[in-house]
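Written out below as structure tokens is the structure these notes cover.
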Amino acid sequence: MRILIVTQYFWPESFRINDVALGLRERGHEVTVYTGKPNYPEGRFFPGYGFFGRVHEDYHGVRVIRAPLIPRGLGGRFRLILNFFSFALFGSLLAPFRCDGTYDVILVYEPSPVTVGLPALVLKWVKRAPVLFWVQDLWPETLPATGLVNSRWILQAVGQLVRFIYRHSDLVLVQSRAFIAPVEALGVAAQKIHYFPNGAEEVYRPLAIEPQRPSGQDLSSGGFRVTFAGNIGAAQDFETILSAADKLRAEHGIHWNIIGDGRMQAWVESEVRRRKLGDTVHLLGRHPVESMPRFFALADAMLVTLKRDPVFALTIPSKVQSYLACACPIIAALDGEGARVIEESGAGIAVRAGDAGALAQGLLRLYHMSRQEREAMGQRGRRYFEQHFERELLLSRLEQWMRDLAAGRACAS
């Protein structure tokens, strides 16, 4: 099949869609990605990129076509809105000219913003190709939850835009079963909605032997290491993480390692200094996906948190799949679907979102367990991952939906 993927984010930015594109290419499909200029999460263009230039690239056999956008800057409200709508505008205007040729199917990858659907719908009408819209974040619900938009009128307008995009998509894929009801509430027929969770890149797997520490990085000299890997943003609720670390400051053997960056990083750094947590909380910066399993193998537990908000209770943070794939015991402060996966898998301990005291007590439970007990948790998580989130299993499911849509398109023409 000739597959077009529309996503605001793509390599060299680190998003799961990178691996999906490679997986489809490995299966013999002709894959093209229509995307923006890379600027996430730093908020400025990656070296070698700018508003103009570098329109066409190749990523391991995947053709990459880029549209200009305004970088997200430091993640302030105004710059984020400019970033979101600039890709929607320039991507829509340029799509018919830059995406030449024909396509059998279009896959849209939608972490925020939902406006990525607009250039995809332009291409649907121009290319007469069916669209699969893969929902990672629920809009408009995510906007007030992250503090980006609170105006009732704006949220109503965004809700109408989301309804329009969903209704004009041929299939709506949701990364959590709990997304199904909100999507149906926007008037999407149940038969058009399919559960399609995130998986994990092949690099995420248990390491058979204790690896060497990644060079140049201090993962604390010893003790019990709990590691968070991912975006340092408003949704990740670092207030709860730091409050739990504060409550456990007397436990000198517990070290909190934070791998990643994001728009809340400066705040986290200042809070670590203000609370005098520098001896136990270590910010290690952002690292490539390929190095993550080594960091995970050096950890005694992996940490995942989300803010206490009804919309976040519906989602499964994609880092959960990465942790499960690497057979890591998990400590979580989550509600809803994310907590359910951790509890159902037996891979760790989940406490209420936003409850720093419960997070501290849950971590102490893991701390006082034997290494064998924690390893058993990790192995249960790995088995659960293989049953529900394994890469080839999910790619086969996606491929079949694509084939069905492409066949229906061929019959209609």
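See the values below:
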read-out: Extension reserve of the Val126-Leu93 stretch, reckoned as 0.36 nm per residue once the Cα distance is removed; value: 10.7 nm
read-out: Residue-wise HN-Hα coupling along segment 67-83, computed from phi with Karplus coefficients 6.51, -1.76, 1.60 (Hz; x: Gly, Pro); value: 10, x, 7, 8, x, 6, x, 7, x, x, 4, 5, 5, 5, 5, 4, 4
read-out: Paramagnetic label zone (point 7 Å from Cα along Cα-to-C-beta, His388; backbone N under 14 Å) in segment 307-342; value: 314-325, 330, 335-342
read-out: Separation of the Gln372 and Leu207 label points, Cα + 7 Å toward Cβ, nm; value: 2.5 nm
read-out: ³J(HN,Hα), Karplus 6.51/-1.76/1.60, whole Hz, each residue of segment 100-105, x for Gly, Pro; value: 7, x, 10, 9, 7, 7
read-out: Solvent-accessible area per residue for the chain (1.4 angstrom probe, square angstrom); value: 41 Å²
read-out: Alpha carbon convex hull of the chain, volume per residue in cubic angstrom; value: 136 Å³
read-out: Rounded to the nearest 10 Å², the accessible area of Ser270 at probe 1.4 Å; value: 40 Å²
read-out: Extension gain, Glu30 back to Ser396 (0.36 nm per residue minus Cα-Cα distance, nm); value: 130.2 nm
read-out: Label-point gap, in nm, between Arg152 and His168 - each point 7 angstrom along Cα→Cβ; value: 2.9 nm
read-out: In range of the label at Asp100: residues from segment 40-72 whose backbone nitrogen is under 13 Å from the point 7 Å along Cα→Cβ; value: 56
read-out: Normalised per residue, the volume of the convex hull around the Cα set of segment 358-413 (Å³); value: 93 Å³
read-out: Charge sum, other residues only, whose C-beta stays under 9 Å from Arg63's C-beta, Lys/Arg counted +1 and Asp/Glu -1; value: -3
read-out: Shape of segment 300-360, Cα gyration tensor, a/c cut at 1.5; value: oblate
read-out: Dimensions (Å) - segment 134-175, Cα atoms, principal axes, largest first; value: 30, 19, 8
read-out: Kirkwood-based Rg to Rh ratio, segment 87-139, C-alpha trace; value: 0.96
read-out: For the chain, calculated [θ]222 nm from helices alone, where every DSSP H run of n ≥ 4 adds -39500 (n - 2.57); value: -12500 deg cm²/dmol
read-out: Calculated P(r) of segment 17-93 - Cα pairs past 20 Å, %; value: 38 percent
read-out: Extension gain, Ser291 back to Leu186 (0.36 nm per residue minus Cα-Cα distance, nm); value: 33.7 nm
read-out: Percent carbon-and-sulfur accessible area, the chain, ignoring ligands, DNA and RNA, probe 1.4 Å; value: 53 percent
read-out: Pair-distance profile P(r), taking every C-alpha pair of segment 35-157, with 10 angstrom steps and integer %; value: 12, 40, 35, 12, 1
read-out: Sites Phe85 and Arg365, calculated FRET efficiency, Cβ-Cβ separation with R0 45 Å, nearest 0.05; value: 0.45
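The values are calculated or read from the model by the stated rules, or taken from the named source; none is laboratory data. Remember, it's a predicted structure, so these values are computed and weren't measured experimentally. Methodologically, a virtual Cβ is constructed for each residue, glycine included, from the backbone with ideal geometry; neighbour enumeration extends over all protein chains shown. Note: areas computed on protein heavy atoms with side chains; ligands, DNA, RNA excluded. Shrake-Rupley method; radii C 1.70, N 1.55, O 1.52, S 1.80 Å.
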